[in-house]
């Protein structure tokens with residue numbers, strides 16, 4: 001299992017103290033002090049001393065792990081519970097904390113496996129009346145609505161941990177700070193400033209605030225950078241998806257003990273290897289947008305002009321990229337959105353994902369589970385290890401991307417080795433069960449961080 005950014009030094013210190021205190025007390029007992037507790041040894045099939053030893057260590061384990069876990073979590077997300085993307089993440093999160101869930105607040109619920117008395121949705125919320133607004137304003141309104149509902153429930157004092165998402169937890173985290181409730185903030189990509197030092201307010205932010213009415217009112221629906229920064233400050237623990245994401249926080253002063261690596265998971269039964277295709281077939285899976293490197297990939301593919309090779313693009317094409325998709329080579333296929341994407345992975349040999357900014361790209365988990373060699377970037381997440389299960393290239397470097405594609409094109413054995421290693425890696429560290437264990441670790445650490453911060457105040 002992957003470890004978080006924090007280590008276990010605090011837990012080890014408490015265990016050491018408990019051991020020393022218990023051992024000191026044990027040594028102070030006389031023979032007569034033990035007499036009321038004596039049980040005939042014949043009552044046990046194993047040595048009594050061994051039972052005492054095991055019982056002692058079990059009590060220490062229980063003290064350190066069970067008592068530091070929350071018992072009533074409030075989980076809030078503007079996504080739905082069940083589906084794809086963040087909806088799937090929300091579903092797996094609730095599966096992991098079902099026995100500790102107090103209430104889940106979401107935009108909607110697609111899954112029927114949870115007790116609806118512990119679900120609160122925005123199904124009849126007034127925010128739905130704004131659904132005709134431009135997407136960015138409606139999304140901002142949804143996030144603010146979820147935050148307002150969560151803040152109201154937190155004020156009841158029924159919950160001992162809050163788990164929210166960056167950009168939709170500003171008011172909620174103000175409440176947790178005021179009431180002393182431990183909190184976890186999940187960040188889907190990077191730090192809002194992407195690791196860059198910015199002034200308190202940029203010219204663009206000032207222009208948004210001073211826009212004429214009614215545009216100014218619409219702008220207020222957007223989540224401001226200042227609100228995001230305050231969320232980072234108020235959260236006890238920040239969940240980041242990759243080392244690159246963590247770097248964007250560290251460089252701006254976030255201490256390492258406040259960061260926890262929360263890699264995602266994949267269904268290794270649904271996503272499994274298939275037969276290798278007879279041609280070199282490269283695949284890109286994701287939204288067809290500039291940020292994910294699609295124009296760069298198409299430029300590299302045109303430059304190489306490979307024979308007996310195909311490039312498949314699976315995903316919705318956004319308007320910004322439509323000019324790039326005109327006059328494509330005959331060996332490039334646009335698949336659009338594909339419901340059963342597992343079959344597409346199994347029909348290909350290489351997954352190429354040259355993104356310049358991701359939290360941790362879902363497609364890299366899926367491709368690895370399907371046994372595909374990969375070419376990706378450091379910015380795309382931590383699933384691919386350069387030279388082990390794929391090749392890492394610099395973002396926005398078309399020459400490096402060409403070299404990587406050519407290397408795999410000329411070496412089928414390397415493709416097979418990378419693919420096999422990728423499958424082993426996700427089975428070992430990136431299933432949804434691993435994800436749920438990481439979540440438990442994060443909650444435990446959040447409780448510890450919160451306790452430590454209150455002691456030092």
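Readers should treat all values here as calculations from the given coordinates under stated rules, not as data from a laboratory. These figures come from a predicted structure and were not determined experimentally. In this analysis, Cβ positions are derived from the backbone assuming ideal geometry, glycine residues included, and neighbour counts consider all displayed protein chains.
Using only helices, what value at 222 nm comes out for the chain when you add -39,500 (n - 2.57) per DSSP H run of length 4 or more and divide by the total residues, to the nearest 500 deg cm²/dmol?
The helix-only estimate for the chain comes to -13000 deg cm²/dmol at 222 nm.
Take the alpha carbon gyration tensor of region 274-329, find the square roots of its eigenvalues, order them as a ≥ b ≥ c, and report rounded if a/c is under 1.5; if not, report prolate when a/b exceeds b/c, else oblate.
Here region 274-329 falls in the oblate category.
Apply the Debye scattering formula to region 283-362, with a single equal point scatterer on each alpha-carbon and no solvent, then give log10 I(q)/I(0) at q = 0.12, 0.22 Å⁻¹.
Once normalised to I(0) and log-transformed, intensities are -0.31, -1.13.
According to a simple spin-label model (label point 7 Å from Cα along Cα-to-Cβ), what is the distance in nm between residue 403 and residue 130?
For the pair residue 130/residue 403, the computed spacing is 4.9 nm.
Dividing the Cα radius of gyration by the Kirkwood radius, what Rg/Rh value follows for region 113-211? Intermediate results must be reported in sequence, preceding the final value.
Values: Rg = 16.1 Å, Rh = 15.8 Å.
Reported Rg/Rh (Cα atoms, Kirkwood Rh): 1.02.
Taking the beta-carbon count within 10 Å as an exposure proxy, list 254, 456 from fewest neighbours to most. Could the numbers behind the result be given before it?
Values: 254 18, 456 6.
So the residues, fewest neighbours to most, are 456, 254.
Taking the Cα atoms only, what angle lies between the long axis of helix 398-409 and the longest principal axis of the chain, rounded to 10 degrees?
Compared with the principal axis, the helix lies near 80 degrees.
If you rank 383, 175, 344 by fewest surrounding Cβ atoms within 10 Å, what's the result?
Working: 383 29, 175 20, 344 17.
Placing the least packed residue first, the sequence is 344, 175, 383.
Run the numbers on the chain and let me know its relative contact order in percent, using alpha-carbon pairs under 8 Å that are six or more apart. If you can, show how the numbers build up before the last one.
Working: 770 pairs, mean separation 71.2, N = 457.
For the chain, the relative contact order is 16 percent.
Please arrange 138, 75 by how many other C-beta atoms lie within 10 Å of their C-beta, fewest to most.
Working: 138 16, 75 26.
In order of increasing Cβ crowding within 10 Å: 138, 75.
Classify region 280-430 from the C-alpha gyration tensor, please: rounded if a/c falls under 1.5, else prolate or oblate depending on whether a/b exceeds b/c. List each step's numbers first, then the result.
Details: a/c = 1.42, a/b = 1.28, b/c = 1.10.
Note, shape of region 280-430 comes out rounded.
As I understand it, the value is the acute angle between the Cα axis of helix 9-28 and the longest principal axis of the Cα atoms of the chain; what does it come to in degrees, rounded to 10?
Taking Cα atoms only, the helix is inclined about 10 degrees.
Please determine, in degrees from 0 to 90 and to the nearest 10, the orientation of helix 86-96 with respect to the longest principal axis defined by the Cα atoms of the chain, where the helix direction is its Cα long axis.
Roughly 20 degrees, rounded to the nearest 10.
Assign one of three labels to region 223-291, namely rounded, prolate or oblate, based on the Cα gyration tensor with a ≥ b ≥ c the square roots of its eigenvalues; rounded applies when a/c is under 1.5, prolate when it is not and a/b is larger than b/c, and oblate otherwise. Before the final figure, lay out each step's value.
On the way: a/c = 3.08, a/b = 2.23, b/c = 1.38.
Prolate, since a/c reaches 1.5 and a/b exceeds b/c.
Return the label of the correct value of Cα extents along the principal axes in Å, as calculated from the structure shown, out of [x] 92, 63, 43; [y] 140, 70, 34; [z] 123, 52, 38.
Read-out from the structure maps to [x].
Do me a favour and compute the ellipsoid semi-axes for region 203-256 from its Cα gyration tensor, root of five times each eigenvalue, largest one first, whole Å.
30, 11, 10
If you average the alpha carbon positions of region 197-276 and of region 389-457, how far apart do those two centres end up, in angstrom?
Their Cα centres are 19 Å away from one another.
Listed highest first by mean packing, meaning other Cβ atoms within 10 Å per residue, what order do 354-366, 154-166, 187-199 come in? Please report the intermediate quantities before stating the final value.
On the way: 354-366: 23.5, 154-166: 20.8, 187-199: 16.1.
By packing density, highest mean first, the sequence is 354-366, 154-166, 187-199.
Quick one: which of 265-271, 107-113, 239-245 comes out on top by average Cβ neighbours within 10 Å, and what's the full order, highest first?
Going by the mean number of other Cβ atoms within 10 Å, highest first, we get 239-245, 265-271, 107-113.
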